[in-house]
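Taken together, the values in this text are just the output of simple stated rules run on the coordinates, not laboratory data. Computed from a prediction, not measured in an experiment: that's the story for all the values here. Neighbour counts run over all protein chains shown; Cβ positions are idealised from the backbone, glycine included.
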Protein chains: 2
Amino acid sequence: MAHEVVLLDFWPSMFGMRVRVALAEKGIKYEYKEEDLRNKSPLLLKMNPIHKKIPVLIHNGKPVCESLVIVQYIDEVWKDKNPFLPSDPYHKARSRFWADFIEQKICGGHVAQVGGGGNHGLLLHKVGGCGSRGLLLHWVYDTARKIWATKGEEQEVAKKEFIETFKILEGELGEKPFFGGETFGFVDIALITFYSWFYTYETFGNFSIEAECPKIIAWAKRCMQKESVANSLPDQKKIYEFTVWMKKYFGMD
Amino acid sequence: MAHEVVLLDFWPSMFGMRVRVALAEKGIKYEYKEEDLRNKSPLLLKMNPIHKKIPVLIHNGKPVCESLVIVQYIDEVWKDKNPFLPSDPYHKARSRFWADFIEQKICGGHVAQVGGGGNHGLLLHKVGGCGSRGLLLHWVYDTARKIWATKGEEQEVAKKEFIETFKILEGELGEKPFFGGETFGFVDIALITFYSWFYTYETFGNFSIEAECPKIIAWAKRCMQKESVANSLPDQKKIYEFTVWMKKYFGMD
C-alpha cells in the first residue's frame with residue numbers, strides 16, 4: 001500500500017519534533033509543511049478543527065492530531081521497523097505512564113487550553129485563546145516555558161521544578177542506555193525533543209543542566225548519535241535566537 | 001494464569017470510576033481498597049510514589065497508575081472480552097484523541113501538578129501540593145470543578161466552557177449509540193464517569209445539562225443501562241452530599 005504522508009509542523013515545536021523523530025526512526029518519507037502560527041493555513045484548521053494546533057500528521061488524507069497520539073499511531077501502522085513501545089502490556093503501560101509524566105511536569109499539560117479566571121501567571125496562556133499573537137505561544141507552556149519567559153521568583157520556582165523533574169527522570173533511566181531499555185523508544189521520543197531547548201533554558205535560567213542531571217545529558221548525547229534524532233532537532237542556538245526574537249516581539253523583556 | 005487484582009481508589013473519583021467500569025466490563029474480580037486521601041496508605045505511597053494519587057491498579061503485585069493508562073492496560077491484558085479500543089490504528093488514534101480531549105477540557109489536564117507562581121485561581125490546586133487538606137482536592141480540577149467550587153464570573157466562565165465542551169462531544173457522538181460506535185468503548189469509559197457528578201454541576205451551577213446537550217444525556221442513560229456502568233458509579237445525590245460536605249470542610253462557602 002502506498003503511503004501519502006504530510007506533516008503540518010512548526011520548526012521550534014518540541015511536539016512537532018517528536019513526530020519528525022518517529023517518522024525518521026521508521027524511515028517514512030513525508031512532505032513537511034511549515035505553519036505560520038500567526039496565520040494558520042486553511043489545511044491546518046480543516047485537519048485539526050478542535051485544537052487548531054500543530055503537529056498534525058495527514059496519512060492518506062486522514063488527520064491524526066496530538067503528538068503522543070501520532071507517535072503511537074506511527075508505531076502501530078509501521079510496526080515492523082524499530083518498535084517504540086514494548087509488546088508486553090505492563091511495560092507498555094509503564095512507557096505511557098512516563099510519557100504522560102513528561103506531558104504533565106515539563107509541558108505543564110494542557111493549561112493553555114483551559115483558560116479560566118484572571119490569573120496573572122497564566123496571562124500568556126490566556127492570550128493564547130484570544131488573539132493572533134497568542135496563537136504563536138500556545139504550544140510553549142509552563143515549567144519549561146517559565147524558565148525563559150519569566151524572571152525572579154517565578155523563574156526560580158520553575159527552575160527548581162524543572163530540575164526536580166529531570167532528577168526523577170534520571171531515577172527512571174537508571175543505568176539503562178535508553179528509557180526504553182537497550183533500544184530507543186516511546187519515552188525517549190517524548191523527552192529528547194526538549195534537548196534542543198536546553199541551551200535556551202540554561203542561558204535564560206543561568207544554570208547548568210549537566211551539573212544537576214549529568215545522566216540526562218549523557219542520555220541526550222547518546223540519542224543525538226542517532227541520525228533520526230540529530231536530523232530532526234534544530235540547533236540549540238537557533239532555538240535560543242528564536243526565543244530572543246519572541247521575547248522582543250511580545251515585549252517580554 | 002491466576003490474576004491477583006487490587007484497586008486503590010476513592011469512591012467519588014471519576015478517575016477511579018473509569019477503572020471500576022473497565023474491570024466490570026471485562027468481568028474481572030478484584031479487591032477494592034478505599035483510600036483516605038487525607039491520610040494516604042503506605043501501600044498507595046509505595047505503589048504510586050511519583051504522583052501519590054488514586055487510582056492504582058495492582059496486578060500480581062505490580063502497580064499501574066493513571067486512569068487512562070490503566071484502562072488501556074486492562075484492555076491489553078484481558079483482550080478477549082469486550083475490547084475497548086478498535087484494532088484499526090486510525091480509529092485507535094481517534095479514540096485516544098477524544099479521551100485526551102476529555103482530559104484536557106473537562107479535567108483541565110494536570111494543572112494541579114504544575115504549581116507555579118501566585119495565581120489566585122489556582123489556589124485550591126496549589127494547596128494540593130502542600131498540606132493534608134489539599135491532598136483531598138488534587139483530583140478535582142478545573143472546568144468541571146469550578147462549577148461547584150467557585151462563584152460569580154469564574155463559575156460562569158466554567159459553565160460556558162463545560163457546555164461548549166459537551167457540545168463538541170455531542171458533535172463527535174453524532175448519531176452513534178456510543179463514542180465507540182455500536183459498542184461501548186474507551187471514550188465512553190473516559191467520559192461516562194462524569195455523569196455521576198452531573199447533579200452536582202447542575203445544582204451548584206443552576207443550569208440543565210439536558211437542556212443544553214440532550215444527546216449527551218441520552219447517551220449517558222444508554223451507558224447507565226449497562227450493569228458495568230450502573231454498578232460502578234455512585235448515586236448522583238451522594239456525590240452532591242459529598243461536595244456540600246467538602247465545601248463546608250474547606251470553608252468554600
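Some notes on this structure:
- Peptide A:57-65, shielding by other chains (average Cβ, 10 Å cutoff): 3
- The stretch B:221-253-the stretch A:191-253 distance, computed between alpha-carbon centres (Å): 45 Å
- Considering only the stretch B:5-77, percent of DSSP beta bridges that pair antiparallel, nearest 5: 65 percent
- DSSP beta bridges fully contained in the protein assembly as shown are about 70 percent antiparallel.
- Taking a point 7 Å from the Cα of B:His91 along the Cα-to-Cβ direction, the residues of the stretch B:180-208 with backbone N closer than 20 Å to it are B:180-192.
- Dipole magnitude (debye, nearest 20) for chain B, charges at Cβ of Lys, Arg, Asp, Glu: 560 debye
- GluC sites (Glu not before Pro) within the stretch B:28-95: DSSP coil, no more than 16 neighbouring Cβ in 10 Å: none
- Computed about its Cα centre, the charge dipole of the protein assembly as shown is approximately 320 debye, with only Lys, Arg, Asp and Glu carrying charge at their Cβ.
- Set A:Lys215/B:Lys105; A:Lys176/B:Lys33; A:Lys52/B:Lys159; A:Lys26/A:Lys215; A:Lys33/B:Lys215 screened for pairs whose C-alpha atoms are more than 32 Å apart: A:Lys215/B:Lys105; A:Lys176/B:Lys33; A:Lys33/B:Lys215
- Projecting 7 Å from Cα along the Cα-to-Cβ direction, the label point of A:Asp235 sits 6.9 nm from its equivalents in the other copies, listed shortest first.
- Across B:Ile106, B:Ile216, B:Ile28, mean-square fluctuation computed from a Gaussian network of chain B (C-alpha pairs under 10 Å connected) peaks at B:Ile28.
- Compactness of chain B was expressed as the Cα radius of gyration divided by 2.2 N^0.38 Å, which yields 0.98.
- Computed label-point distance, nm, for sites A:Glu4 and A:Lys52 using a 7 Å Cα→Cβ extension: 2.7 nm
- Relative intensity, log₁₀ I(q)/I(0), of the protein assembly as shown from a Debye sum that treats every alpha carbon as a point, q = 0.07, 0.08, 0.14 Å⁻¹: -0.36, -0.47, -1.70
- Based on DSSP H segments of at least four residues, each scored -39500 (n - 2.57), chain A has a per-residue ellipticity at 222 nm of -16500 deg cm²/dmol.
- Going from the fewest other Cβ atoms within 10 Å to the most, the residues B:His91, B:His51, A:His3 appear in the order A:His3, B:His91, B:His51.
- Straight-line cross-link partners of B:Lys40 among the aspartates and glutamates, defined as a Cα under 12 Å from its Cα and at least 8 positions apart when in the same chain: B:Asp9.
- Label distances, nm, A:Ala2 versus same residue in remaining copies, Cβ-directed 7 Å point: 5.8
- Shape of the stretch B:5-77, Cα gyration tensor, a/c cut at 1.5: prolate
- Exposed loop sites, defined as trypsin sites (Lys or Arg not before Pro) outside DSSP H, G, I, E and B with at most 10 other Cβ atoms within 10 Å, are absent from the longest region of chain B, namely B:82-253.
- Its Cα centre serving as origin, the stretch A:5-77 has a Cβ charge dipole (Lys and Arg +1, Asp and Glu -1) of approximately 200 debye.
- Relative contact order of chain B, defined on C-alpha pairs under 8 angstrom at six or more residues apart (%): 19 percent
- Among A:Asp75, A:Asp142, B:Asp80, the ranking by other beta carbons within 10 Å of each residue's beta carbon, starting with the fewest, stands as B:Asp80, A:Asp75, A:Asp142.
- Counting neighbouring Cβ atoms within 10 Å and putting the fewest first, the residues A:Ser87, A:Ser13, A:Ser208 line up as A:Ser87, A:Ser208, A:Ser13.
- Inter-copy separations for A:Gly174, label at 7 Å along Cα-Cβ, nm, ascending: 4.6
- Think of the protein assembly as shown as having a plus end and a minus end, set by charges on the Cβ of Lys, Arg, Asp and Glu; of A:Gln104, A:Ser208, A:Gly27, A:Ser208 sits farthest toward the positive end of this dipole.
- Coil-residue GluC sites (Glu not before Pro) of the stretch A:153-253, DSSP, other Cβ within 10 Å capped at 13: A:Glu175, A:Glu182
- A crude spin-label estimate for the pair A:Arg38 and B:Arg222, with each label 7 Å from Cα along the Cβ direction, gives 4.6 nm.
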